[in-house]
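The values are calculated or read from the model by the stated rules, or taken from the named source; none is laboratory data. Computed from a prediction, not measured in an experiment: that's the story for all the values here. Please note: Cβ atoms are built from the backbone with ideal geometry, for glycine as well, and neighbour counts cover all protein chains shown. Heads up: the accessible areas ignore ligands, DNA and RNA and are worked out on the full protein's heavy atoms, side chains in. Shrake-Rupley method; radii C 1.70, N 1.55, O 1.52, S 1.80 Å.
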Amino acid sequence: MKRILALTLLIATLVACEKHDGIRPRFESATVNGTGNIAYVRLGDEFRVDFSAVDNGDLNRVFVRSVKGLKNEKNITRTNFDLAYENNFSLEGSNGTGSASVNAAGAANGTYRFVFDVFDKNGNQGISRVVNVIYQDTARNSRPFWNVNSVNPDFQPGTITINVNRGNEIEVDAVVNSNTDLERIKIEFIGRDHNIFSFEKELPGSADFTFSIVDDLLDENGELIPLLVPVTAAGGDTPLLFSAVDANGNTGVFYINVNVLF
């Protein structure tokens, strides 16, 4: 009787070990529009998610979802029109890939992060991958709309990127227009692990239909606030995001990809 009991316990242990082998599946890549860091998407652009995952045994699925706001973004503005995306990809075997287009029609302007999670058939979950996304609906409609006159250093032809050394100033001449009273302006240098710089200005009153970065970006003493690349900024691509929110919660965004040099 003892031998039978011991054999039963051994079989149960082996089955348990087989079900949970302790080895996590992993992503070889997880991207939005081909980038694993931050993607800039405009109305009408191709917008897709892609991934490649591996496991020592059999994969089960990959789950991809959108979340409003970036991880380190302050005071995220949510609306009823935020981009909501969820997709389960069923997988078989030790290697799996997936791709899908994302329909952003009607989605609110702003920032999102796409979270990729992978699971195998042994009950293990891999380490999540996150890709940041800034989405801009460029149509002139009820949301606030940015009119950009100039950016110094100049944009490179055909890109959204400027090259700036740490400690140097970025000069932006832009005006936001709105059909409804503007509620606040927000400007952020958004790092991957922390917010490099964040400034928010409330716009109380009933006559705030326009805002100029050149004329109206003032501190409490009435002094113009310079847009400096912080000396603590990491090298490489860093988004500089301008957001304007009206009294109805509609958001208009304008962004610059700043390539931080030494």
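For segment 225-239, residues that are part of a strand (DSSP E or B), at pLDDT below 85 and open to solvent by 60 Å² or more (accessible area, probe 1.4 Å) total 1.
Here residue 118 passes the criteria (1) closer than 24 Å to residue 172 by Cα; (2) modelled with pLDDT of 95 or more except the one numbered (1).
In this structure, residue 211 does satisfy being under 18 Å from residue 173 (Cβ atoms) and either part of a strand (DSSP E or B) or in contact (Cβ under 8 Å) with a residue 12 or more places away in the chain (or both). Within segment 74-101, no residue that is closer than 30 Å to residue 252 by Cα and not assigned by the TED database to the domain that holds residue 126 sits with its Cβ atom under 9 Å from a residue that is open to solvent by less than 100 Å² (accessible area, probe 1.4 Å) and at pLDDT 95 or above at 6+ positions apart or across chains. In the condition set (1) exposed (fewer than 15 other Cβ atoms within 10 Å of the Cβ); (2) modelled with pLDDT of 85 or more, residue 194 is compliant with all but (2). The set of residues in segment 129-173 that are at pLDDT 85 or above and either part of a loop (DSSP other than H, G, I, E, B) or in contact with a Cys (Cβ under 6 Å, 6 or more places away or on another chain) (or both) comprises 144, 153, 166, 167, 168. If only residues of segment 101-115 that are assigned to a strand (DSSP E or B) and either open to solvent by 20 Å² or more (accessible area, probe 1.4 Å) or acidic (Asp, Glu) (or both) are counted, the one that is modelled with the lowest pLDDT is 113.
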